[in-house]
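The values are calculated or read from the model by the stated rules, or taken from the named source; none is laboratory data. All figures in this text were calculated on a predicted structure; none of them were measured in a lab. Every residue, glycine as well, gets a Cβ built from its backbone with ideal geometry; the counts of neighbours run over all protein chains shown.
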Amino acid sequence: MEQLEGIVTSKGQLVIPAKLRRACRIEHGTRVRFQRIRGGIAIYPKYEDAIQHYCGILAGLGLPPDIEHEPDRELE
């Protein structure tokens, strides 16, 4: 596993490397959870609602070309 470094500021804020933020989908305002583990600290993104977090991640991709669109059905 690749090891990355961050910097703790004088205010105690931690700068998480951009590569890691992108990989973990941590954006401005994302809450994180800290867990003390043997020899260090683990940091986990804390998503209030996992379904909401992933909602829309496939938007704009469209259907694969080999899938045929099913015609709309009439409601009875």
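Could you go through the stretch 20-27 and let me know if any residue there is part of a helix (DSSP H, G or I), at pLDDT 85 or above and in contact with an Asp or Glu (Cβ under 8 Å, 6 or more places away or on another chain).
Yes; the residues of the stretch 20-27 include at least one that is part of a helix (DSSP H, G or I), at pLDDT 85 or above and in contact with an Asp or Glu (Cβ under 8 Å, 6 or more places away or on another chain).
How many residues are part of a loop (DSSP other than H, G, I, E, B) and within 16 Å of residue 41 (Cα to Cα) when one looks only at the stretch 1-15?
6
At pLDDT 75 or above and loosely packed, with under 10 Cβ neighbours inside 10 Å, is that true of residue 7? Can you show your working first?
Working: at pLDDT 75 or above: yes; loosely packed, with under 10 Cβ neighbours inside 10 Å: yes.
Yes, satisfied.
How about the stretch 38-61: which of its residues are at pLDDT 75 or above and either more than 21 Å from residue 27 (Cβ to Cβ) or touching a strand residue (DSSP E or B) at 6+ places or on another chain (Cβ under 9 Å) (or both)?
38, 39, 40, 41, 42, 43, 44, 45, 46
For the stretch 28-76: of the residues being assigned to a loop (DSSP other than H, G, I, E, B) and among the basic types (Lys, Arg), which is surrounded by the fewest Cβ atoms within 10 Å (Cβ to Cβ)?
Across the stretch 28-76, the extreme among qualifying residues is 38.
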